[in-house]
Amino acid sequence: MEHLTPQIIADVTGGKFVGDETMRGIRVVGAVRDNREVKQENLFVCIPGARVDGHSYAIKAFESGAACCLAERIIPDANGPYVLVESTLESIKLIGAHYRSLFSIPVVGITGSVGKTTAKELVAAALGAKLNVLKTKENLNNELGVPLTLLSLSEKHHAAVIEMGISDFGEMGRLAEMVRPDIFIMTKIGYAHLKELGDLNGVLRAKTEAFAYMNPDGIALLNGDDELLRGYDPGIRKITFGLGENNDFRAANIRGEGTSAVSCDIVSKAGSFPVRIPSYGNHLAVLAAAAAAVGSLLGITNDEISRGLQTFVPVDGRANICATESITLIDDCYNANPNSVKAALSSLSELPSRRVAILGDMLNLGAQSDELHHDIGVFAAENLVDCLICCGDRSAEIFSGYRSVSGNPAYHYTNKADLESALPGLINSGDTVLVKASNGMRFEELLPILKGMKNSATLGGA
């Protein structure tokens with residue numbers, strides 16, 4: 001297989017090679033934007049930022065073993081070759097697309113307003129029982145992270161599972177142009193990035209840009225329980241997954257095992273088979289049906305799919321369970337929109353202990369923000385939340401919605417410092433505590449406080 005070189009990078013990007021002429025053809029393997037992550041033969045991408053400029057770390061990258069740098073300006077005293085381009089961000093996308101074109105392995109793209117990271121992990125787990133799978137790491141799902149992920153492909157991989165996240169029109173098209181997915185999963189059309197996308201139809205239009213970059217033999221794997229996706233024609237073969245009986249692959253007989261696991265049967269025209277996912281949340285069953293569909297399409301047996309799903313591990317900040325000395329903590333604070341918060345509250349309602357929800361603002365919801373926050377409060381009350389704790393300007397509407405339905409304890413704080421001071425007096429020993437908000441609320445800062453509640457003597461009695 002053709003490997004990358006500084007000369008190929010220059011050719012693909014239209015950039016200028018700078019350095020020792022004998023190094024035009026050296027091998028370049030993988031790419032990073034953080035000099036602390038550099039490995040031998042890497043391409044170091046100098047991304048200029050508001051606070052940190054990658055060009056300042058080019059020399060250190062070379063010292064750590066980088067084979068080449070991608071830069072927007074001259075690197076004084078460079079101790080290695082680099083390619084000079086107009087925009088490193090635009091250029092890394094060109095490199096990622098070129099490198100992806102060198103592989104004929106099946107590539108699965110995943111998007112959705114909720115559940116795309118979990119779906120990515122489940123699909124990779126199902127395939128991993130038989131195949132060596134490259135999957136998106138952490139949150140590298142945007143126009144910089146996707147090409148960096150693609151550049152991690154190697155001859156050892158049999159398949160790739162690429163998460164694709166967007167916030168505006170045009171982004172999905174640019175991502176799909178790089179990824180060229182053979183199978184494209186859409187988990188849900190939900191209330192996310194409404195400030196930019198307007199409404200649910202706008203979300204649908206933005207995410208379905210991908211289909212223009214799929215070959216005619218590609219497969220659209222869509223959530224058939226979603227009203228907009230159920231009726232959508234992608235112009236290619238369509239397979240549905242979900243809970244409804246009309247889906248091609250569906251999860252049935254869902255059984256939660258507290259916070260330790262979820263079991264269900266995967267049903268299709270070929271029959272049914274049981275799976276068990278060692279993690280919390282009944283919503284996992286729907287995404288397991290999608291993972292099973294991908295496995296089936298790629299020749300993975302039912303037994304292999306079931307065995308693969310047993311290896312699933314949730315990503316940090318997404319329904320991670322931490323049993324402290326005093327409480328059961330559900331860390332779901334990576335991000336939040338109305339659909340994901342409702343899914344988290346539904347799963348919380350299945351648990352037997354006193355259920356406490358600590359919820360913060362859901363950002364970027366546009367003109368519908370107040371209505372959607374209020375609806376979450378009502379939903380929390382209807383789904384057996386015993387104590388609601390809210391923080392942030394917008395979450396005042398969550399508090400209001402909850403109080404309109406429930407007489408259970410409820411609290412609202414405008415700033416996180418006040419919430420942090422009050423927390424020990426609001427939590428009881430034995431509580432199950434869900435923490436969820438949009439990234440911008442930085443609710444991960446609450447976790448050390450909650451984990452540090454050592455015994456009932458330090459807790460309140462709300």
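Only residues that are assigned to a loop (DSSP other than H, G, I, E, B) and either under 19 Å from SER340 (Cα atoms) or hydroxyl-bearing (Ser, Thr, Tyr) (or both) were counted in segment 82-100, giving 1.
Applying the set (1) more than 30 Å from ARG394 (Cβ to Cβ); (2) acidic (Asp, Glu); (3) assigned to a loop (DSSP other than H, G, I, E, B) to GLU304 leaves exactly one unmet item: (3).
Exactly one condition in (1) out of contact with any Ser or Thr (no Cβ under 8 Å at 6 or more places or on another chain); (2) under 20 Å from GLY128 (Cβ atoms) is not met by LYS269; state its number. Against the list (1) out of contact with any Ser or Thr (no Cβ under 8 Å at 6 or more places or on another chain); (2) under 20 Å from GLY128 (Cβ atoms), LYS269 comes up short only on (2). Each residue in segment 342-377 was checked for being touching a strand residue (DSSP E or B) at 6+ places or on another chain (Cβ under 6 Å) and crowded, with 21+ Cβ neighbours inside 10 Å, and 8 pass. Only one of the listed residues (ALA270, ALA252, ALA212, ALA261) is of a type outside the set (D, E, K, R), in contact with a Pro (Cβ under 7 Å, 6 or more places away or on another chain) and not assigned by TED's automatic domain parsing to the domain that holds SER349. That residue is ALA261.
One residue alone among VAL313, VAL286 is of a type outside the set (Gly, Ala, Ser), touching a residue at least 40 places away in the same chain (Cβ under 8 Å), surrounded by fewer than 18 Cβ atoms within 10 Å (Cβ to Cβ) and within 24 Å of CYS264 (Cα to Cα), and that residue is VAL313. Close Cβ contacts (under 7 Å, 6 or more residues apart or on different chains) running from residues in segment 223-250 that are over 18 Å from HIS283 (Cβ atoms) and touching a residue at least 12 places away in the same chain (Cβ under 8 Å) to residues that are surrounded by 13 or more Cβ atoms within 10 Å (Cβ to Cβ) and of a type in the set (Asp, Glu) comprise ILE239/ASP248.
Within the set LEU351, LEU388, LEU329, the sole residue that is more than 17 Å from LEU426 (Cβ to Cβ) and among the hydrophobic types (A, V, I, L, M, F, W, C) turns out to be LEU351. Screening segment 378-433 for residues that are surrounded by fewer than 19 Cβ atoms within 10 Å (Cβ to Cβ) and among the β-branched types (Val, Ile, Thr) and picking the one that is nearest to TYR280 (Cα to Cα) gives VAL378.
Residue count for segment 161-202, restricted to those that are among the basic types (Lys, Arg) and either free of Cβ contacts under 8 Å to residues at least 12 places away in the same chain or over 25 Å from ALA124 (Cβ atoms) (or both): 1.
For segment 120-153, a tally of residues being over 20 Å from ASN364 (Cβ atoms), of a type outside the set (A, V, I, L, M) and at pLDDT below 95 returns 2. The set of residues from segment 12-35 being within 15 Å of ILE92 (Cβ to Cβ) and outside any loop (DSSP other than H, G, I, E, B) comprises VAL12, THR13, VAL28, ALA31, VAL32. Taken over segment 36-56, residues that are part of a helix (DSSP H, G or I) and surrounded by 21 or more Cβ atoms within 10 Å (Cβ to Cβ) amount to 1.
Is it the case that LEU345 is outside any helix (DSSP H, G or I), hydrophobic (A, V, I, L, M, F, W, C), touching a Lys or Arg at 6+ places or on another chain (Cβ under 9 Å) and farther than 19 Å from ALA126 by Cβ? No, not satisfied.
Counting only strands (runs of 3 or more DSSP E) that sit completely within segment 348-424, those holding 1 or more residues that are free of Cβ contacts under 8 Å to residues at least 40 places away in the same chain correspond to 387-391, 410-413. Going by the structure shown, is VAL83 closer than 18 Å to THR149 by Cβ, buried (at least 22 other Cβ atoms within 10 Å of the Cβ) and in contact with a strand residue (DSSP E or B) (Cβ under 9 Å, 6 or more places away or on another chain)? No: the conditions fail for VAL83.
Condition check for SER87 on (1) assigned by TED's automatic domain parsing to the domain that holds PHE17; (2) on the phi > 0 side of the Ramachandran plot: one failure, at (2).
TYR232 passes every criterion in (1) within 22 Å of the chain's Cα centre (by Cα); (2) farther than 16 Å from VAL108 by Cα; (3) aromatic (Phe, Trp, Tyr); (4) surrounded by fewer than 22 Cβ atoms within 10 Å (Cβ to Cβ) apart from (1). Mind listing just one residue for me: the one in segment 315-355 that is under 21 Å from the mean Cα position of the chain (by Cα) and among the acidic types (Asp, Glu) and, of those, nearest to THR136 (Cα to Cα)? Among those that are under 21 Å from the mean Cα position of the chain (by Cα) and among the acidic types (Asp, Glu), it is ASP316.
Against the test of being basic (Lys, Arg), outside the structural domain of SER152 (by TED's automatic domain parsing) and over 21 Å from HIS157 (Cβ atoms), the options ARG73, ARG27 yield a single qualifying residue, ARG73. Out of ASN79, ASN142, one residue alone is at negative phi, free of Cβ contacts under 8 Å to residues at least 40 places away in the same chain and outside the structural domain of SER296 (by TED's automatic domain parsing). It is ASN79.
Scanning segment 57-71 for residues that are under 29 Å from the mean Cα position of the chain (by Cα) and either acidic (Asp, Glu) or in a loop (DSSP other than H, G, I, E, B) (or both) turns up just one, ALA66.
The values are calculated or read from the model by the stated rules, or taken from the named source; none is laboratory data. It should be emphasised that the depicted structure is a prediction, and the values quoted were computed from it without experimental measurement. Positions of Cβ are generated from backbone atoms using ideal geometry, with glycine treated the same way; all protein chains shown enter the neighbour counts.
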